[in-house]
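The values are calculated or read from the model by the stated rules, or taken from the named source; none is laboratory data. Computed from a predicted structure; not experimentally measured. Cβ atoms come from the backbone with ideal geometry, glycine included; neighbour counts cover every protein chain shown. Ligands, DNA and RNA are excluded from the accessible area calculation, which covers all protein heavy atoms including side chains. Shrake-Rupley method; radii C 1.70, N 1.55, O 1.52, S 1.80 Å.
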Amino acid sequence: MKNTYFTPGPAELYPTFYQHLQRAMDEQIGSISHRSQQFRDIYKFADEQLRTLLAIPATHGIFFTGSASEVWERMLLNCVEHESFHLVNGSFSQKFYDYANDLHKHAHVLEKPFGEGFDAADIEVPAYAELVCLTHNETSSGVQMRPADMHKLKRKYPKKLFCVDTVSSAPYPDLDFNLIDSAFFSVQKAFGMPAGMGIWIANQTCLAKAERLQKNDSLTIGAHHTLPTLWKHYKTFETPATPNVLYIYLLGKIAEDFNRIGIDNIRKQTEEKARMLYKFLDSSDGYAAFVKPDRHRSQTVIVATTGSPDRVKSPADVIKVAKTANMIVGSGYGKYKESQIRIANFPAVSVDQVAALIKELQK
Ligand SMILES: *Cc1c(COP(=O)(O)O)cnc(C)c1O
């Protein structure tokens, strides 16, 4: 019997993935030139489908990178001359901040303890920060920041660039790209593909900034995948380097499937499954939801505490029992392995599969 993966990336593959992959092989996508019309059509198709799905306006380009964490570096190199500002409340937002330090940017940080979330009212952006780096879904702790708070913050600081890590939540967050300058994600989380590609959405304001920094001799915006090079090739739906043509093809197909269902339905289904999981955790003796305030509870990565003295089963027990029922549950992140489990709630798992998992966890 096949396993169902509730792990937060790599995760369960989207059910249509196999047929799209088969089709791609039949069409010999792996051998076509990335300078051919066939490839340009594949890029254009993925671009159109993602634009529809995420409501991306013409001001923003859509680019492909090796992974999402590559975009942390690209964003900082291309859009920060001196200072960036980071909201940190877990391991992924921390890494974005670490990249800024490693690139010798003057990085400001507002930190909250692991498991706590940010609201617009908490935040004062430092005067000289050029880029505000937000994480929609902190995958390590299961905390989300609501788009409404991000939009409110941008309205308060309209001159600053805003970039959002949506790696473990896109297409769920309803970002207003008239306010958000850049966002990014990778394919192995909610899009239900194997790992190996990042998607970078950035607007013309980001491009203008990168072009300005490029002229500055005392600074580098890097050599690989600079925003000006990506954008130049994007105009004809090409890429500077040989891209992952197969994955761009598959992403376009899965985004098309999501569009057939409709983004509103995908968001509603996500919320329904999250509600089921939190309801179970809140009412169970053996588990507790790690994040308490409703507004900060991630809808796509649910973190539960188990195995503390008053809880019956340790995370290792829970993971083992679920596995015998062919369900793969994620372990807690880093040192939280001893006390937590993580359950991914991506579009690839159905209401019925989530119900079956809850039944198994109840045992
Ligand atoms: C997984 C993840 C990343 C890193 O993505 P890669 O594809 O491994 O580069 C970054 N941010 C968040 C929030 C993530 O969940």
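Quick check for you: which residues of segment 206-242 have the amide N under 17 Å from the point 7 Å beyond the Cα of K44 toward its beta carbon? Backbone N within reach: 233-239. Between beta-carbons, use under 13 Å as the cut-off and find the net charge around I56, counting Lys and Arg +1, Asp and Glu -1. Within the 13 Å Cβ shell, the charges total -4.
Taking 21 Å as the limit for the C-alpha separation, the pairs K273/K320; K279/K363; K95/K235; K105/K335 exceed it in the case of K273/K320; K95/K235; K105/K335. Between rounded, prolate and oblate, where does the chain land on the alpha carbon gyration tensor, with a ≥ b ≥ c its root eigenvalues, rounded for a/c under 1.5, else prolate if a/b exceeds b/c? Oblate is the answer for the chain, as a/c is 1.5 or above yet b/c matches or exceeds a/b.
The fraction of accessible area contributed by carbon and sulfur in segment 265-341 is 53 percent, rounded to a whole number (1.4 Å probe; ligands and nucleic acids excluded). By DSSP, the beta bridges lying fully in segment 17-261 are antiparallel in about 45 percent of cases. Annotation: per residue accessible area for the chain equals 42 Å², rounded to a whole number [probe 1.4 Å, protein chains only]. Sequence-ordered 3J(HN,Hα) estimates for segment 271-278 from the Karplus curve with 6.51, -1.76 and 1.60 and θ = phi - 60° stand at 5, 5, 5, 5, 4, 4, 5, 5 Hz, glycine and proline given as x. Here D174 and S218 are evaluated by their C-beta separation; at R0 = 25 Å the FRET efficiency comes out at 0.05. Seen against the Cα atoms of the chain and their longest principal axis, helix 91-102 is set at about 30 degrees. Mean residue ellipticity at 222 nm, helices only, the chain: -12500 deg cm²/dmol; runs of at least 4 DSSP H residues each add -39,500 (n - 2.57), and the sum is divided by the number of residues.
Share of carbon and sulfur in the accessible area of segment 17-261 stands at 50%, probe radius 1.4 Å. The phi-based Karplus calculation (6.51 cos²θ - 1.76 cosθ + 1.60; θ = phi - 60°) puts the 3J(HN,Hα) values of segment 243-257 at x, 7, 4, 4, 6, 5, 4, 5, 4, x, 5, 6, 4, 5, 4 Hz, whole numbers, x for Gly and Pro.
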